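For reference, the structure discussed in these notes is given below.
Rule-based calculations on the coordinates, nothing more; no lab input. Being a predicted model, the structure only gives us computed values, none of them experimental. As a convention, Cβ positions derive from the backbone with ideal geometry for all residues, glycine included, and neighbour counts pool all protein chains shown.
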Ligand code: IPE
Ligand code: IPE
Ligand code: MG
């Protein structure tokens, strides 16, 4: 991990963004409610915000942006809200395919894809296919994602490998990480949650072990590049010790 000491004293590195930023896209429903609109209107604006923030991240040199868009718990919501979210996700992925081809962007869906509607599954396969062709900025979209679900699945896959002959003592933290949806992706240095709630809601439980958390009351549809800059500036003020002493 890069030493950020110099960042606190200014210099060329002062505004360098973290390599990997994770965001919990929260507050769409309240944004709509405050305007007397249906919650689904908030999701539509929220998906535009994602487009803007992803472009901004790419432009400032972030390598990975991981967003929480639909959790394993979000199926509890009213059927029409879930249906609208799925429709918006399909629309988004469909349009994103063109952008990926044009700007050479990689996009990966993290989560239990088999539990998504067939139309979305087909789009995920297509984005995987395109991503394999490019190197560079990668957007990860967590869909039907739960941190506990991810850990249980990883443990089951590992147990299956042991049954097939893999030595149990071979497994260390790095090897276990390879069983997660996020295999091959470095941990996020910065995790942002807009929307005013101060909790993790089952997001990236393993990967956030040493992430810096940034919470803001700004609702996701109102989130701007300036808000992201604020979070990055705050990140640079943090003293990351990883359990050690500085
Ligand atoms: C986040 O916004 C989007 C999803 C979880 C799908 P919410 O829909 O949770 O918005 P609030 O928290 O109710 O305002
Ligand atoms: C977290 O937001 C999940 C996503 C943003 C996809 P929620 O709105 O579902 O979380 P809670 O209910 O406030 O914990
Ligand atoms: Mg919410």
query = Is the shape of region 29-139 rounded, prolate or oblate, going by the alpha carbon gyration tensor and its root eigenvalues a ≥ b ≥ c, with a/c under 1.5 for rounded and a/b larger than b/c for prolate?
reply = oblate
query = So what is the 222 nm mean residue ellipticity for the chain from helices alone, if each DSSP H run of at least 4 adds -39500 (n - 2.57) and you divide by all residues, rounding to the nearest 500 deg cm²/dmol?
reply = -14000 deg cm²/dmol
query = For the residues 220, 206, what sequence is obtained by ranking on other C-beta atoms within 10 Å, fewest first?
reply = 206, 220
inquiry  = Based on alpha-carbon centroids, what's the gap between region 47-106 and region 145-206 in Å, whole number please?
reply    = 21 Å
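If r is the Cβ-Cβ distance from residue 240 to residue 75 and R0 is 30 Å, what FRET efficiency results, to the nearest 0.05? Could the numbers behind the result be given before it?
Details: r = 36 Å, r/R0 = 1.20.
According to the calculation, E is roughly 0.25.
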ask   = How many nm is it between the label spots at residue 102 and residue 15, if each spot is 7 Å from the Cα in line with the beta carbon?
value = 2.6 nm
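Multiply the residue gap between residue 176 and residue 82 by 0.36 nm, knock off their C-alpha separation, and tell me the result in nm, one decimal place. Don't jump to the answer; show the numbers that get you there.
Details: separation 94, 0.36 × 94 = 33.84 nm, distance 3.23 nm.
Full extension of this stretch gives 30.6 nm more.
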note = Residue separation between residue 55 and residue 133 times 0.36 nm, minus their alpha-carbon distance, gives in nm 26.1 nm
Sorted by Cβ neighbour density within 10 Å, fewest at the top, the residues 198, 62 = 198, 62
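Return the percentage of antiparallel bridges among DSSP beta bridges fully within the chain, rounded to the nearest 5 %. Please list the in-between numbers first.
On the way: 0 of 24 bridges.
Taking every DSSP beta bridge within the chain, about 0 percent pair in antiparallel fashion.
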ask   = Please report, for the Cα atoms of region 99-211, the Rg to one decimal and the Dmax as a whole number; what are they, in angstrom?
value = 15.8, 48
query = When only alpha-carbon atoms count, how far does the chain stretch along each of its three principal axes, as whole angstroms with the largest first?
reply = 53, 51, 36
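By counting other Cβ atoms within 10 Å of each Cβ, how are 242, 134, 181 ranked from fewest to most? Don't skip to the end; give the middle numbers.
Details: 242 8, 134 15, 181 21.
Lowest count first: 242, 134, 181.
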